[in-house]
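Enquirer: Sharing a structure here in structure tokens format.
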Amino acid sequence: MIKAGYDPKLKVGVIVSSEDLIGKINRLAKSRWDQVHTRLICGLDEAVPVGREMEASGCDVVISRRGTAEILREKLTIPVLALMANPLDILISIRKAVIFGKRILITSFRKQMTGMDILEEIYQVRIFQGIYHDSPSLNQVIGKAREKGVEVIIGGGVSMKFADTYGLKGVELYISEEAVAFAVEDALALARLRRQEQEKSRRYQCIIDSSSDAILSVNREGVLTTMNRAARDLLRIRDCQEESHRLIDYLPESDFRRIFQTKQPLLNKLEKVSNLLYLANHFPINVNEEVAGVVSIMKNTANVIKDENEVRRNFAKGLVARFTIDDLIHKSTGMAEAVRKAKRYALSDSTVLITGETGTGKEVLAQGIHNLSDRSRGPFVSLNCAALPEQLLENELFGHEEGAFTGSRKGGKIGLFELAHTGTIFLDEIASTPPGVQATLLRVLEEKKVMRIGSDRLIPIDVRVLAASNRDLAAEVRAGRFRDDLFFRLNVLSIRLAPLRERMEELPVIVAHCVNKIAARYRIPPLSLPEDCLRRLMSYVWPGNVRQVENFLERLILAADSFTPGVFDELFEEICQVTLPEPARETSGKKHQLERQAPPEGTNLEEILLEARFCKTKAAALLGISRTTLWRKLKKHGQNRPDR
């Protein structure tokens, strides 16, 4: 056994039957290598067990004489190099043999050596060649040579043993130190190269074994040549001889063999193995414009779905519902009924249509429904359909493939429906959806599949839809601005949130909640509003509903460190300038339950002001007109005077 000192990982085994060769190796070791360990070993067939022992111990290469080397190559899987005698070595061997006789036998493994006639003429001897294949045949060759009168045998260590048996003189075939050095250097280089190839092969094997997908390759005949651990488990192959298995035996219905004619890959093909479906991709191995084999990657369809869900889940991180149903502050019977419905509807998976004016808490209610449902661990995705033009809205909802249009995102874009997979999507301002998007949205709701812009495949989705509108969708349908089939598809379950002016008794509770929330947000003491200020707030119809109340209180709290009547009056005066929307005018002043027409020109408004105690906001509410309109009329008739 030889070890190169400069690379202790390398192992080169030497099998020789000559003490002379061992001596040469030891002398070379002292001058060229740090450490060399040798021992006298037999040759030919008797060397096979020793060679297998060396192979099992981790030898990279084995060196031996030519005959023994050829036998070992047939029995071992590691490389075997032969110690070859050059022509000068043969001349030296014959010169030694001539001393003992003129009839010489040179033993040769499996083939004759050339040029013996020239050597016969030079040395004036008779040279015979004995061709052998193993130890028994070598024994027979030497026995017959004795019968022919051969006097000297030239050969290896085993030949010397048989020559001695027959009483013949033996001359071991000379091999120079230079030939030994070349052989060892070549062996070390080959061992180094083989070790590099092993490391590369093991690295690649480790890479493919780390994949949960089954990866395998076949040669031109369709015989398996490589496979990873997952492929072995899939095909239930436990032995280490891939070459004994044909892929078609495991995939009888597969058309992967077409690749040898088409030279094109087969992608996303469903293959059935052991009654399980796999998504297979077959790729050609092209060598010199010919297909030398096929590499196949097979994914379990269950894992494909699982991985896709994981990707969606990671993309949807942060898309969570922040509000619960308890964040919808209420006190009135109508709102209590809406909350009761929301809790009940949360148990189902049906579409819910939430209607109500802007600022009534439609998204808070939607998030509350999501957090009460079985989908609470899934994403909550929200989109205002009125905030984007048709092309951008469709892109946001359904996504697009790479290159679908100019400026499309590299790698494509995942739509909101895909992001909401296993969760909830909330479509606010649904009445503002353009007709083209309405048609696509209807198809998605009915088929539970989405197709990205520029794609030709449908992606299954599992999404619950909550929609909201601040307009009467039925009226929009009658006006032809909203599809009736989409309306019926959305209006499976419905909840109406009443405007604040219809539940003014809740205002003190809402004000207290908002004040505490704003104070906590800015880490300041909560503000306390006097009773008269609350009454004035309740006299206003709040067209922006709860959102407008919260915005007003935030401005009030941040405008001063403590409550200041002057600041309150100024801010309240500003919000009273807001013109009421048409629905608010129809039901204004619920506290007084009084409807009035705008007074005719010349009407003395002093009585109305007296009734309202000169509060222009209250007077405008009693008259059913805006504060601005009231101010213009008072100015026109010279009755404008400041509030008391």
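Enquirer: What do you reckon, how do PHE100, PHE256 stack up by accessible area (1.4 Å probe), largest on top?
Expert: Details: PHE100 100, PHE256 0 Å².
Ranked from most to least accessible, the order is PHE100, PHE256.
Enquirer: Another one. Which whole-number percent of Cα pairs in segment 130-183 have a distance greater than 12 Å? List each step's numbers first, then the result.
Expert: Working: 910 of 1431 pairs.
Summing the P(r) tail past 12 Å for segment 130-183 gives 64 percent.
Enquirer: Over the alpha-carbon set of segment 107-206, work out the extent along each principal axis and list the three values in angstrom, largest first.
Expert: 63, 31, 20
Enquirer: Net charge near SER210, counting Lys/Arg +1 and Asp/Glu -1 over other residues with Cβ under 13 Å of its Cβ?
Expert: Values: positive: ARG202, ARG203, ARG229; negative: ASP209, ASP213.
Counting the neighbours of SER210, the net charge comes to +1.
Enquirer: Shape call for segment 336-392 from the C-alpha gyration tensor, a ≥ b ≥ c root eigenvalues: rounded (a/c under 1.5), prolate (a/b greater than b/c) or oblate?
Expert: On the way: a/c = 2.39, a/b = 1.41, b/c = 1.70.
In terms of gyration-tensor shape, oblate.
Enquirer: May I pose another question? Starting from the amide H of LEU83, placed 1.01 Å from N in the peptide plane, find each other amide H under 5 Å away whose residue is 5 or more places distant or on another chain.
Expert: Here SER64, ARG65, ARG66 satisfy the definition.
Enquirer: Now a separate question. Mind ordering 210-223, 361-374 by average Cβ neighbours within 10 Å, highest first? Don't skip to the end; give the middle numbers.
Expert: Details: 210-223: 16.9, 361-374: 22.5.
The peptides rank, most packed first, as 361-374, 210-223.
Enquirer: Also: Name the residue from GLY156, SER201, LEU188 whose Cα lies farthest towards the positive end of the charge dipole of segment 151-202, charges +1 on Cβ of Lys and Arg and -1 on Cβ of Asp and Glu.
Expert: Most positive-ward Cα: SER201.
Enquirer: Using 5 Å bins from zero, what percent of all Cα-Cα pairs in segment 74-127 falls into each bin?
Expert: 4, 15, 27, 21, 12, 7, 7, 5, 2
Enquirer: Work out the charge dipole of segment 378-431 with +1 on the Cβ of Lys and Arg and -1 on the Cβ of Asp and Glu about the Cα centre, then indicate which of GLY403, VAL381, LEU416 is farthest towards its positive end.
Expert: GLY403
Enquirer: Taking the alpha-carbon centroid of each part, what is the distance from segment 67-98 to segment 192-212 in angstrom?
Expert: Distance between centres, Cα-based: 34 Å.
Enquirer: Next question. Compactness ratio of segment 402-451: Cα Rg over 2.2 N^0.38 Å, N = residue count? Please report the intermediate quantities before stating the final value.
Expert: Details: Rg = 12.6 Å, N = 50, 2.2 N^0.38 = 9.7 Å.
Normalised by 2.2 N^0.38 Å, the Cα Rg of segment 402-451 equals 1.30.
Enquirer: While we're looking at this one, here's another question. On the Cα set of segment 413-551, report Rg and Dmax in Å, please.
Expert: Reported Rg and Dmax, both Å: 20.7, 65.
Enquirer: Take every Cα-Cα distance within segment 364-436, group them into 10 Å bins from 0 onward, and report for each bin the whole-number percent of pairs it holds.
Expert: Calculated over all Cα pairs of segment 364-436, the distribution is 20, 42, 31, 8, 0 percent.
Enquirer: Moving to a separate point now. Extending each Cα 7 Å along its Cβ direction at LEU558 and GLN129, get the distance between those two points in nm, one decimal.
Expert: Between LEU558 and GLN129, the simple spin-label model gives 10.5 nm.
Enquirer: Further question: Residues with beta-carbon under 14 Å from that of GLU120, excluding GLU120: net charge, scoring Lys, Arg +1 and Asp, Glu -1? Don't skip to the answer; put the middle values down first.
Expert: Numbers: positive: ARG95, LYS102, ARG103, ARG126; negative: ASP117, GLU121.
Its environment carries a net charge of +2.
Enquirer: Do any of LYS200/LYS263; LYS75/LYS102; LYS448/LYS517 go past 31 Å between their Cα atoms, and which? Write out the running numbers ahead of the final one.
Expert: Details: LYS200/LYS263 28 Å; LYS75/LYS102 38 Å; LYS448/LYS517 40 Å.
Distance filter (> 31 Å) returns LYS75/LYS102; LYS448/LYS517.
The values are calculated or read from the model by the stated rules, or taken from the named source; none is laboratory data. None of these values were measured; they are calculated from a predicted model. Cβ sites come from the backbone with ideal geometry, for glycine too, and all protein chains shown count toward neighbours. Protein only, heavy atoms only, side chains kept; ligands, DNA and RNA dropped before computing areas. Shrake-Rupley method; radii C 1.70, N 1.55, O 1.52, S 1.80 Å.
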